[in-house]
Amino acid sequence: MENLTDYGKIEKNARTRKKITNIVTYFFLVLWAVVVLFPFYWMVLTSVKSYSAYNSEYIPKFFTLSPTLQNYVDAFTTVPLGKYFMNTVIFTIVTTGVMLVVITLAAFAFARLEFRGKNIVFVIFLSLMMIPNELVIITNFVTITNLDMRNTFAGLILPSITSVFYIYLLKENFEQIPDGLYYAAKVDGTSDLKYLLKVMIPISKPTLITITILKVIECWNSYVWPRLITDDENYYLVSNGIQEIRENGFGRENIPAMMAAVVVISVPLIVLFLIFRKKVMAGVSRGGMKG
Amino acid sequence: MEVTLQNLTKKFPGRDKKKHEDVIAVNDFTFEIPDGKLIGLLGPSGCGKSTTLNLISGLLKPTEGRIFFGEEDVTDLPPENRGIGLVFQNYALYPHLTVKQNILFPLENLKGKDKLSKAQMLEKAYEAARLVQIDDLMDRKPGELSGGQQQRVAIARALVKRPKVLLLDEPLSNLDARLRLQTREEIRRIQRETKITTIFVTHDQEEAMSISDMIVVMKEGVVQQIDKPQKVYDDPKNLFVAKFLGTPPVNVFTGQIKDQKLYIGNDCVMEAKGVKDQAVYVGIRPEGFCPRADGTLCCILQGVEVMGRDISVISANEASLNTTVRSIVGTENKADMEKILSMSEGRITNDAVVKFALAPHKVFIFQKETEERIYL
Amino acid sequence: MGVNMVKKLKSSSFKGWIYLLPAILFLGCFMVYPLIDVFIYSFEEGYNSASQTYFGVGFYNYSYVLHDPYFLQAVKNTFILVIITVPLSTGIALFISLGLSMIKPLKNLFQTIYFLPYVTNTLAVGLVFMILFKKTAYSEGLVNLMISWFGGKTVDFIDGPYWAKMFVLCFYTIWIVLPFKILILTSALSSVDQIYYNAAKVDGTSKFRTFMKITLPMISPMIFYLIITGFIGAFKAYSDAVALFGTNLNAAEMNTIVGYVYDMLYGDSGGYPSYASAAAIILFAIVLTITCINLLISKKNVHY
């Protein structure tokens, strides 16, 4: 009998311990969630506070009872936020689009076609993956300047297109498509290009979507290259725009309007992420380092 | 250590969230496992045998029922306090540790008064390793071992703490056919030497038959029969058990009881005293057929497979639920044998009738609805 | 027939190159050529970007950069940033991923929330951090408010003392890099087969020992991957600093090596591609060395 109570105790202890671990775990997880979310909350909160209300708060308030959208109006009228936004959209779409064409063709050549020198070229491509952007950006800057392409979309887009990593990713994916399909298509007299368009691309759609999402994130957030290559406001992307707003925009102290601009800039990617949550996370874990 | 299961039931919440229907993995399992025996839990996949094992190990908590080790109620005890050894289906050897470190692992967990010195631990580890004959592999990593060797390491790791009960989950399923034979003898030997109550799970009836002291046949969470291997084979409690055990499998016919006689098709094959008239299933073991000129069951000969000691006669019968009736026939009865062989040599025609006499103790009759055995 | 075969081979060989052409053109112009050129730049002394002339060839650019106090400041900042953020972010990420692996309800929600910083614009959210940490004449700022709740002394994290600025920079960097690390570690943890934990449980292994002896060795390849990429990423820190302290990082004493490279290239202090090249190559050398050391260590310690 005594033995039994002993076991009961062991079990009870184990259960309490489990409960405590659970509570502690949730506590820390919630804590970090707050740390992550708080800047977002603060940014939205500040963006709906009126200019005068914000500046009269020596001690910042955690909520507002009189939200206003005036700041959003200001963000689009006082500074050319709409222009920055459009520029970024154009930049992102064109860069991603052209890149997809270029990498698809290259990946197809590596995965499917036989030609002399293929292996050597592929090894060279692979070794280029290790080259940091910082090394090549200097010459690119000089090249684009010399070509008189500063403050043009061409100047912004051209050097941003190449991505060896995505070629590699896509090639791996293409290679998983069984050879039989290719030979069957050949027997039916399908041309290589048609095979690529009608068979390989549809089969590899998930990978292409992943690559697209990653590239869109990269384009939307790109800062360094646009900063180097543009000094005309008409060609600023959102990252440069926000920096410009910060330094010269609304006058240094109109922080609510600034936050409204930040919200506007942040929303598209967050929405994109929430829609494609699984794809984005799977894609990033497969090969996305920020920056 | 005897293990007692009392009304053991485990329900899992259903996959389909809308329906809220629980899946019953183990249903009302009551059984007393005698001390020092080797018990085989047998059943097709998904029948709840692994769940039962996990309930005994404590990795799962039962929904209802109790588990006793000896006199102790261990139902609510966490696995580490139960004194069990568990060998996983794919061994679960830690790939980054050597064989020696793997075997030492459970010993290094001991705390307080149970704590061992390094030398004691090593001695125990080598003792366990010698028992399963892998003491020359101690410094290798699991990745460098063959499947059979990994299996032995897993057993050594489970045995090193001298468990009161040893549990094996599909211990042979990851081995090739040759190793399987060898390893099951090995398990038998180790169990005999250590005299540890051992329970193992398998879906392979031959495996269960060959080494167990007792077999528990399960189906869809419900225990069908618990008996000695030979008894389960000779005396199945229902159609499922009869069908599940034995290779080649039992031949099943639809039949009829009329006037205390058993009919298969139009053939009256046996007396069935004291059984009321009804439609039945009839199971006949392959070795229960004896071709004789005065046999009662008429089949149409389709072919003969010679297997040396025996021959296997393949025939057809309209009442058979299997596409062919397969019978294994000894070669003693020369005259009838010759006849069958000569019949099968030429082109087999539809009228090549072969008549079988049936051995009554190889014939099982089951109720049509419940599929339960009707005892004569 | 033989001639035909050769023809066919030739045409397919030709076709292969056609498909590759766009990629080769882009890579050639914007990666291979610049890569060669950057080394040339770094040795051309006194290069003038307006007239495209130079005086001589030698190591002067390197020597200049290595003696430039701004560069040394940038190196110091970068190293401090790396040493603080890489271990800390990896550790926190491991901690959080472990927590995530222990719970079931709300797990997806937490994972989604934790990933958010990855998809935000570094520059834009940096501004929010600046506001949270900044102390102005009009407002103490939120962080200072909290400090004063606990009776601490308020400090301007954005324009104040060096350590305060470094603290914000590290904090923001960790905030930005954590999503990636949490994601990788969470999937690494979930890829450890539950059966090993069951085996450990049956053997009565304590939680701590299970973690040290089973979990950690099994996910060690991923941890080292994160440390290596973390080092590389942290050495390239730049836009987080700009986000917090503005484009004039030298004035804020918060410049990083990459920042130094860009400052040399462009802007008020720019126009010196040679110095920029030398600095970039020095950075590359540092990163390469550290990565090699990391790889050597990981080879010794990573199991499998």
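Numbers below:
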{"item": "With Cα atoms, 0 to 90° folded angle of helix B:334-345 axis to chain B main axis", "result": "90 degrees"}
{"item": "At q = 0.27, 0.29, 0.32 Å⁻¹, base-10 log of I(q)/I(0) for the stretch B:281-320 (Debye sum, equal scatterers on each alpha carbon)", "result": "-1.21, -1.31, -1.37"}
{"item": "Sorted by Cβ neighbour density within 10 Å, fewest at the top, the residues C:254, C:130, C:102, A:130", "result": "A:130, C:102, C:130, C:254"}
{"item": "Cα gyration tensor category, rounded, prolate or oblate, for the stretch A:71-287 with a/c compared to 1.5", "result": "prolate"}
{"item": "Spatial separation of Cα centroids for the stretch B:237-265 and the stretch C:97-145, in angstrom", "result": "71 Å"}
{"item": "Separation of the residue A:35 and residue C:108 label points, Cα + 7 Å toward Cβ, nm", "result": "2.6 nm"}
{"item": "Proximal lysines to residue A:186, defined as alpha-carbon separation beneath 23 angstrom and excluding residues fewer than eight positions away on the same chain", "result": "A:118, A:171, A:194, A:198, A:205, C:7, C:8, C:10, C:15"}
{"item": "Theoretical gain in end-to-end length, residue A:28 to residue A:194 [0.36 nm per residue, Cα-Cα removed]", "result": "54.3 nm"}
{"item": "J(HN,Hα) series, the stretch A:107-117, from Karplus relation 6.51 cos²θ - 1.76 cosθ + 1.60, nearest Hz, glycine and proline x", "result": "5, 4, 4, 5, 7, 10, 8, 10, 7, 5, x"}
{"item": "Ellipsoid semi-axes in whole angstrom, largest first, where each is sqrt(5λ) of the Cα gyration tensor of the stretch B:3-243", "result": "30, 21, 17"}
{"item": "Nonlocal amide H pairs with residue B:321, under 5 Å, H built at 1.01 Å", "result": "B:252, B:253, B:254"}
{"item": "Value of D in µm² per second that Stokes-Einstein yields for the stretch C:63-301, Kirkwood Rh from Cα pairs, at 20 °C (1.002 mPa s)", "result": "107 µm²/s"}
{"item": "R0 of 41 Å, Cβ-Cβ distance residue C:29-residue A:270: FRET efficiency to nearest 0.05", "result": "0.75"}
{"item": "Long-range Cα-Cα pairs in the protein assembly as shown (distance over 44 Å), rounded percent", "result": "54 percent"}
{"item": "Mean Cα-pair separation over length for chain C, i.e. relative contact order, pairs under 8 Å, 6 or more apart, %", "result": "26 percent"}
{"item": "Within-15-Å neighbourhood charge of residue A:97 [Cβ basis; K, R +1; D, E -1]", "result": "0"}
{"item": "Counted charge near residue B:66, where neighbours are those whose Cβ lies closer than 10 Å (Asp, Glu -1; Lys, Arg +1)", "result": "-3"}
{"item": "Within chain B, longest stretch clear of exposed GluC sites (Glu not before Pro) (DSSP loop, no more than 12 other Cβ within 10 Å)", "result": "B:72-317"}
{"item": "Count, lysine Cα pairs under 25 Å in the stretch B:248-374, 8 or more residues apart or across chains", "result": "19"}
{"item": "Karplus-derived 3J(HN,Hα), 6.51/-1.76/1.60, for each residue of the stretch B:140-157, Hz, glycine and proline x", "result": "7, 9, x, x, 8, 9, 6, x, x, 5, 4, 4, 5, 4, 4, 5, 4, 5"}
{"item": "Partner chain coverage, peptide C:128-134 - average Cβ within 10 angstrom", "result": "5"}
{"item": "Least to most buried among B:280, C:128 (fewest other Cβ within 10 Å first)", "result": "B:280, C:128"}
{"item": "Projected area averaged over orientations for the stretch B:241-318, convex hull of C-alpha atoms, nm²", "result": "6.1 nm²"}
{"item": "Along each principal axis, Cα extent of the stretch B:248-374, largest first, Å", "result": "43, 27, 25"}
{"item": "Model label zone, residue B:89; criterion: amide N under 16 Å from point 7 Å along Cα-to-beta-carbon; scope the stretch B:221-263", "result": "B:221"}
{"item": "HN-Hα J in Hz across the stretch A:58-67 - Karplus 6.51, -1.76, 1.60, θ = phi - 60°, x for Gly and Pro", "result": "5, 9, x, 8, 8, 7, 9, 9, 10, x"}
{"item": "Descending Cα extents along the principal axes, the stretch B:92-179, whole Å", "result": "44, 28, 21"}
{"item": "Rounded to 10°, Cα long-axis angle of helix B:118-131 versus longest principal axis of chain B", "result": "10 degrees"}
{"item": "Loop-located trypsin sites (Lys or Arg not before Pro) in the stretch A:191-291 whose Cβ has at most 12 other Cβ within 10 Å (DSSP)", "result": "A:252"}
{"item": "Candidate lysines - alpha carbon under 17 Å from residue B:115, same-chain residues fewer than 8 apart omitted", "result": "B:124, B:161"}
{"item": "Those aspartates and glutamates that a straight Cα-Cα span of less than 13 Å connects to residue B:231, excepting residues fewer than 8 apart in one chain", "result": "B:213"}
{"item": "Chymotrypsin sites (Phe, Trp or Tyr not before Pro) lying in DSSP loop within the stretch C:141-172, provided at most 14 other Cβ fall within 10 Å", "result": "C:150"}
{"item": "Net charge over other residues, Cβ less than 11 angstrom from the Cβ of residue B:281 (K, R count +1; D, E count -1)", "result": "0"}
{"item": "Relative contact order %, the stretch C:233-304, counting alpha carbon pairs below 8 Å whose residues are six or more apart", "result": "22 percent"}
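Each reported figure results from applying straightforward, stated rules to the coordinates on display, with no laboratory input. Everything quoted here is computed from the prediction, not taken from an experiment. Neighbour counts are summed over all protein chains in view; Cβ atoms, including those assigned to glycine, are modelled from backbone coordinates with ideal geometry.
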